[in-house]
1. Got at least one residue in segment 508-517 being assigned to a loop (DSSP other than H, G, I, E, B) and over 31 Å from the mean Cα position of the chain (by Cα)?
2. Could you list, ordered by first residue, the pairs with Cβ atoms under 7 Å in which the first is in segment 464-477 and more than 14 Å from I519 (Cα to Cα) and the second is surrounded by fewer than 21 Cβ atoms within 10 Å (Cβ to Cβ) and of a type in the set (D, E), at least 6 apart or interchain?
3. Among K425, K485, which is the only one that is assigned by TED's automatic domain parsing to the domain that holds I541 and among the charged types (D, E, K, R)?
4. Look through G417, G391, G332, G366 and report the one residue that is under 37 Å from the mean Cα position of the chain (by Cα) and assigned to a helix (DSSP H, G or I).
5. Name every residue in segment 447-476 that is of a type in the set (V, I, T) and under 30 Å from K510 (Cβ atoms), in order of residue number.
6. In segment 457-483, how many residues are assigned to a strand (DSSP E or B) and closer than 30 Å to Y378 by Cα?
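The values are calculated or read from the model by the stated rules, or taken from the named source; none is laboratory data. Here the structure is a predicted model, which means the values were calculated and not measured. All Cβ positions, even for glycine, are placed from backbone atoms using ideal geometry, and neighbour counts span all protein chains on display.
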Amino acid sequence: MSDKMNIKEAIRLNIKGYKNWWEKCPKFFISTGLWRIVSALSPYVGIYLAALLINEIAGSRDPDRLRFLVLATLISAAVLGLLTAGLDRWRRCYWGDWGGSMWYRHESIYAQKMLSMDFGDVDSTKTREQVGSIMQNAQWGHKWGLLILLHIYSNAILALFKILGAIALSISLFTLPIPEDAGAIAVLNHPLFIVLIIFLLLASTLLSPLLSHHASSFWYRASEHQTLGNRFFVTFAFLCHERNRAMDVRMYRQDRFPLYYITERDHVFSVKGPLAKLSRGPIGLFNAASSAVGQVFTAIIYIFVCLKAWGGAFGVGSITQYIGAVTALSSGISTMIQAVGQLHNNAPYLRDIFELLDKPNAMYQGSLTTEKRSDNKYEITFRNVSFKYPGTDEYALKNINLTFTVGERLAIVGQNGSGKTTFIKLLCRLYDPTEGEILLNGFDIRKYDYRQYMDIFTVMFQDFQLLSVPLGQNVAAAAEYDSEKATECLTRAGFDPTAMAKGLETCLYKDFEDDGVDISGGEAQKIALARALYRPAPFVILDEPTAALDPVAEFEIYSKMNDIVGDKTAVFISHRLSSCRFCQDIAVFHEGALIQRGNHDNLMADTSGKYHELWNAQAQYYQAEAS
């Protein structure tokens with residue numbers, strides 16, 4: 001991971017980052033900008049009025065003047081306080097704290113990208129590593145990446161107006177002369193001496209944030225190692241909190257893993273780790289030097305202001321004005337330099353982010369519509385289809401030729417690694433073939449509108465996921481649903497919704513509801529099957545639809561599969577060949593090739609075939625099932 005970044009490239013990346021945020025939430029910049037302007041200028045009003053008040057008390061003590069200054073101080077403080085609070089409330093509506101709305105907007109940037117990317121890219125190890133690294137960097141250190149841009153903007157606006165306000169209040173510090181009869185101290189009036197003081201103030205003001213900026217630059221150098229460490233932390237530190245792991249944790253004492261992975265492996269979070277060494281070394285040294293320079297500045301300004309007041313250049317009340325203004329000026333300049341330094345240090349993180357966000361889609365997006373045929377006449381043809389997963393040289397499928405139409409029952413069987421699931425991924429166009437073509441009603445599926453083509457399929461994946469929401473919403477995969485249709489689909493799938501305490505409104509699992517229901521694997525599989533049936537699509541694909549069911553329940557499902565599926569085309573993927581008896585068409589895959597096809601009786605007649613071998617290997621299972 002390289003941290004080298006030229007200024008021009010850093011500027012380009014930061015502008016791009018701010019454009020990205022502006023498109024999503026322009027009101028954040030407006031509300032935060034106004035809040036920061038008022039926040040920056042408000043203290044100067046109090047400083048100025050306080051100086052006038054002290055000077056009046058130390059001077060003529062005019063009651064009317066004092067009364068006016070007191071009222072002006074109180075009223076301005078109240079008005080500015082209310083204005084600041086109101087603007088703060090407004091900007092929090094669009095930002096909040098780190099856990100507020102801007103964090104969710106930040107998360108949505110990557111979620112939307114993942115949803116729009118080609119599935120092959122989403123499924124790749126490189127993409128998962130990129131996303132993991134980006135998220136880890138956003139949650140440690142300085143919240144590197146897109147999030148820190150918001151803080152930098154907020155701090156830069158505050159710094160800019162602190163500088164402007166401080167200049168307005170501190171100019172007279174250098175223009176008001178010490179009376180000539182004050183003696184040797186009048187040398188402070190000499191232009192060269194004033195230039196020297198300004199030079200020292202600017203030097204210390206600039207040097208302090210530059211040292212701090214250089215200390216921060218070491219974070220990126222350690223980020224790759226710390227990102228790995230945070231992955232260990234997230235994975236292992238919360239083992240004992242996860243309900244679905246509770247039994248394994250206790251039985252196998254998995255609670256002992258975190259200590260090793262969090263502190264011992266590569267010493268990620270220990271004093272021997274790279275970040276700890278950097279903190280003891282350059283990070284600590286440069287931060288200490290930055291703090292020391294800041295203290296030097298404070299000493300210079302106090303000495304200069306007090307000497308001029310002692311010489312009679314201004315009254316005692318002005319001391320508070322000038323010290324406060326020049327200190328704020330230094331703070332504003334320091335903050336502005338830190339903001340610029342952070343923008344530069346953050347640029348390498350933005351480069352990694354936009355490498356992901358700007359990744360183009362390679363899959364062709366067609367424009368043909370998948371006509372809604374009332375007769376449901378759809379024909380799928382695989383013509384000389386071969387496929388290699390990205391980054392590999394081995395074929396997962398080789399020269400597949402296969403045709404099937406709506407209304408048929410197709411079983412795809414084979415051992416692990418034979419290419420069954422890859423076949424389904426190509427069929428649903430999660431991937432495009434490496435060679436050959438897949439046709440829908442005679443047209444290459446790449447010519448169809450991508451979303452419309454996917455909508456003709458409903459799939460129950462082997463590793464399906466249910467959500468901690470009510471049963472009916474799980475079936476419909478939507479917040480609003482047809483309760484009669486959901487009930488019908490559950491019943492067809494062998495699940496009785498009336499057995500649940502609240503019927504379709506029963507919440508699954510206990511993540512959000514105390515009375516949520518923990519369902520078994522078999523029940524979950526039936527609900528997933530009902531979800532596949534609920535979607536109006538001519539093709540239903542069932543990947544190991546009964547893997548979690550006992551043999552009796554599996555037999556019941558398959559014995560009425562025709563009623564369950566109706567007039568849809570059903571494609572079954574299964575290791576357990578009992579499903580094949582209900583299909584008029586069986587495709588046998590082996591080592592990525594389609595080696596046999598036919599019905600059960602024909603395939604069993606070929607005693608040297610793979611299907612016969614697989615069936616007999618499970619013969620004992622089926623005999624037990626039949627009994």
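1. no
2. As it stands, the answer is G472/E505, since those pairs meet every condition given.
3. Values: K485 fails: assigned by TED's automatic domain parsing to the domain that holds I541.
Of the residues listed, the single one that is assigned by TED's automatic domain parsing to the domain that holds I541 and among the charged types (D, E, K, R) is K425.
4. Within the list G417, G391, G332, G366, the selection yields G332.
5. The answer is T458, V459, V469, V475.
6. Count: 4.
Residues checked against (1) farther than 28 Å from A347 by Cα; (2) at pLDDT 75 or above; (3) not acidic (D, E):
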position: L239; (1), (2), (3): yes, no, yes
position: M247; (1), (2), (3): yes, yes, yes
position: D266; (1), (2), (3): no, no, no
position: L285; (1), (2), (3): no, yes, yes
position: A289; (1), (2), (3): no, yes, yes
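Yes/no matrix, rows are residues, columns are (1) within 30 Å of S60 (Cα to Cα); (2) at pLDDT 70 or above; (3) in contact with a Ser or Thr (Cβ under 6 Å, 6 or more places away or on another chain):
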residue	(1), (2), (3)
R253	no, yes, no
P258	no, no, no
S270	no, no, yes
A299	no, yes, no
L307	yes, yes, no
